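Asker: Structure in structure tokens, see below.
Every read-out reported here was derived from the displayed coordinates using simple, explicitly stated rules and does not represent laboratory data. On a predicted model such as this, the values are computed, not experimentally measured, just so you know. Backbone-built Cβ (ideal geometry, glycine too); neighbour counts: all protein chains shown.
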Amino acid sequence: MKIEEGLKNLGLAEKEAKVYIALVRLGRGSAQSVADESGIKRPTAYVILENLIDKGMAVKIPRARKKLYEAKPPDEFFAEAEERFALSKTILPELMAMADKTGPKFKTLYYEGEQNVKRMLSGINKKMAGKEILGFYARETENISSEMNEFFHQWNEDCKKNGITVRGLTPDDPSLEWYRKRTEYFGHVFKYLNMKDYSSECSIEIGDDFIQIFSLRYMQGVYMENPDVARTLRQIFEMVWAARPEKIEGALSEDK
């Protein structure tokens, strides 16, 4: 495949591809030198160079006596294109669900990466306002980013603001001590299970007609909209909740 055709496949117009290739060859150049290299008239080359700057594919050289341009390194451009494609691909299951005209409109969506997992988790605050979330929760993952930690603090505040209560089962692990001290403030009820019985590294949240499973260690999440699955997991949760002897409201496990 020719280089120009490959760039066009990435969304560049024909003349944009020619100008970008010319700028890569030159390394650095004025609108006139780019026009000469690409075979495009100077006024057109100037407009296209400005378009490439808007697309993040070129930059102006600061403090130059005349306007000079430099191409973004091709490896950086392709890495960003791959990242944009990966982010865009996360909406594919939802689009496919919209296109499916047969059967109930239930969705199963997959999320990967910190920003996408945040997006999945944020959705529950809209769906469950004024209701109770049930959950099998994980202990806190090591090396979680400060941004993700801040997100969870805000997530709990948003639950409180939206009248959402959480009833959960989670490992009796020191990493959750900060949360245990605020359980009553948030209006949540938890049983902390002996680590020998339950040492989960992933969490399952159960809503009215959906569940979501997420792993913060690998930054992956799955959202499944299905009332039968949600009802079954709610029943399993209630059986485990009733069977466990631990105290609630963040009390230490009596098994220790």
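Asker: Would you compute, from DSSP H runs of 4+ residues alone, the mean residue ellipticity of the chain at 222 nm, taking -39500 (n - 2.57) per run and dividing by the full residue count, rounded to the nearest 500?
Answerer: Numbers: 11 runs with 120 residues, N = 256.
Roughly -14000 deg cm²/dmol at 222 nm, from the helical runs in the chain.
Asker: Dipole of the range 3-85 (Lys/Arg Cβ +1, Asp/Glu Cβ -1, origin at the Cα centre): which of Gly29, Asn9, Phe77 lies farthest to the positive side?
Answerer: Value computed over the given set: Gly29.
Asker: Order by neighbour count: Tyr110, Tyr179, Tyr69, Tyr192, fewest other Cβ atoms within 10 Å first, most last.
Answerer: Numbers: Tyr110 15, Tyr179 18, Tyr69 24, Tyr192 27.
Fewest to most other Cβ atoms nearby, the residues stand as Tyr110, Tyr179, Tyr69, Tyr192.
Asker: Going through the cross-link list Lys126/Lys247; Lys89/Lys181; Lys161/Lys196, which pairs have a Cα-Cα distance over 32 Å in this structure? Walk me through the numbers on the way to the answer.
Answerer: Details: Lys126/Lys247 30 Å; Lys89/Lys181 40 Å; Lys161/Lys196 35 Å.
In this structure, Lys89/Lys181; Lys161/Lys196 lie more than 32 Å apart at Cα.
Asker: Taking a ≥ b ≥ c as the square roots of the eigenvalues of the Cα gyration tensor of the range 3-85, is the shape rounded (a/c under 1.5), prolate (a/b larger than b/c) or oblate? Walk me through the numbers on the way to the answer.
Answerer: Numbers: a/c = 2.01, a/b = 1.37, b/c = 1.46.
Taking the square roots of the gyration eigenvalues as a ≥ b ≥ c, the range 3-85 is oblate.
Asker: If you don't mind, there's one more thing I want to ask. Would you check the range 3-85 for Lys pairs whose C-alpha atoms are within less than 14 Å, ignoring same-chain pairs closer than 8 in sequence, and give me the count?
Answerer: On the way: Lys8/Lys18; Lys8/Lys55; Lys15/Lys41; Lys18/Lys41; Lys55/Lys72; Lys60/Lys72.
Count of close lysine pairs: 6.
Asker: While we're on this one: How many angstrom separate the Cα center of the range 166-241 from the Cα center of the range 41-95?
Answerer: 43
Asker: Next question. Need one number: the % of Cα-Cα pairs in the range 161-210 sitting beyond the 13 Å mark.
Answerer: Working: 782 of 1225 pairs.
Across the range 161-210, Cα pairs with separations above 13 Å total 64 percent.
Asker: Go ahead and set up a Gaussian network model of the chain, Cα springs under 10 Å, then flag whichever of Arg244, Arg139, Arg234 fluctuates most.
Answerer: Result for the chain, Cα springs under 10 Å: Arg244 fluctuates most.
Asker: A follow-up question, please. Give or take rounding to whole Å, what are the principal axis extents of the alpha carbon atoms in the range 90-243, in descending order?
Answerer: 48, 35, 32
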